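Novice: Pasting a structure here, questions to come.
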Amino acid sequence: MEEIKGLAVKKIAFVGGGAMAEAIIKGILGGGLLAAKDIFVGNRTQKRCDYLNEKYGINAMTDNKAAVADADLVIFAVKPQVAPVALTPELVAAMKKDAWVLSIMGSVSLAQLHAYAPGFAVIRTMPNTPLAVGAGMTAICCDDAVTETMRADAAAIFSSCGEIEFVDEKAIEAITAISGCGPGYCFVIIDALADAGVRAGLPRALAIKLAAQTLAGSGKLCVESGLHPAQLRDQVTSPGGTTIAGIHALENHGVRGAFYDAVMAVLERSKELQG
């Protein structure tokens, strides 16, 4: 059987096997970046391990130290509040000395990651939940020890399940407020627009599909056309027409200002959580 090529790393281990880890695994396998036999996962519950093994043919186990042994890349994929319990000195001691670390724990800084894994090159990422359907948005920032090969591998991994941008760490908090939390805002919009559709006489399932696909398609059009959103808005807004009447109503209700406030609220809450 011909060896699958695509990444410089030959073995990847995940610490944590939740939804985001699964989305990345799906992207790696779907993109032919690595063979299933070369992906290992350490996860707390055997039930989850069994699911991942059966669905993807990978090597999931409840022993984190066994999972990371001999891995070229270790992906920290636990929730930030679980990190102090999961990312122990014993776990780090089980890692290869020339391995490198990639974290999807969005609120955990490079400095904190170095405290968990001293001496290792570290990449911090801020992905979002649409990774699960190959339409994620991931911001990537690297420490000074990260090589071009490591950057290329990180880019390939996250490009397999969406779009990427390399950024400075100082931008991560604002990015979290836009793309990290953004799916939550979008689901509120979809729900509200679907409710309005039901109010207008549409069946619920149809209203949800119309709202969700319209939001998804509009985002795709904005990304792929390269046009400013105001230009795209003008394309659908005829003088004295129906769309401008709807936009006028939205402006009267302060929708634009509400999004400003939402982003600032996220930033304020983030500061509180960081102490």
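The values are calculated or read from the model by the stated rules, or taken from the named source; none is laboratory data. The model shown is predicted, which means the values in this text are computed figures rather than measured ones. Because the Cβ atoms are built from the backbone with ideal geometry, glycine has one as well, and the counts that use them run over all protein chains shown. Side chains are part of the model used for accessible areas, which takes the heavy atoms of the whole protein and leaves out ligands, DNA and RNA. Shrake-Rupley method; radii C 1.70, N 1.55, O 1.52, S 1.80 Å.
Novice: Which percentage, to the nearest 5, of the DSSP beta bridges contained in the chain is antiparallel?
Specialist: Expressed as a percentage, antiparallel bridges in the chain total about 15.
Novice: Ignoring any ligand, DNA or RNA, what whole percent of the accessible area of the chain comes from carbon and sulfur when the probe is 1.4 angstrom?
Specialist: C and S atoms contribute 60 percent here.
Novice: Per residue, what accessible area does the chain have, given a 1.4 Å probe and all protein chains present, in Å²?
Specialist: So the chain comes to 55 Å² accessible per residue, rounded to a whole number.
Novice: Continuing with this model, one more query. Can you tell me the length gained on complete extension of the stretch Asp144 to Thr237, counting 0.36 nm per residue apart and subtracting the Cα distance?
Specialist: 28.7 nm
Novice: Take the Cβ-Cβ distance between Gln274 and Ala135 as r, set R0 to 30 Å, and report the resulting FRET efficiency rounded to the nearest 0.05.
Specialist: Taking R0 as 30 Å, the efficiency between Gln274 and Ala135 is 0.55.
Novice: On the Cα set of the chain, report Rg and Dmax in Å, please.
Specialist: In Å, with Rg to one decimal and Dmax whole: 21.2, 68.
Novice: Given the C-alpha centroids of region 196-268 and region 85-142, what is the distance between them in whole angstrom?
Specialist: 35
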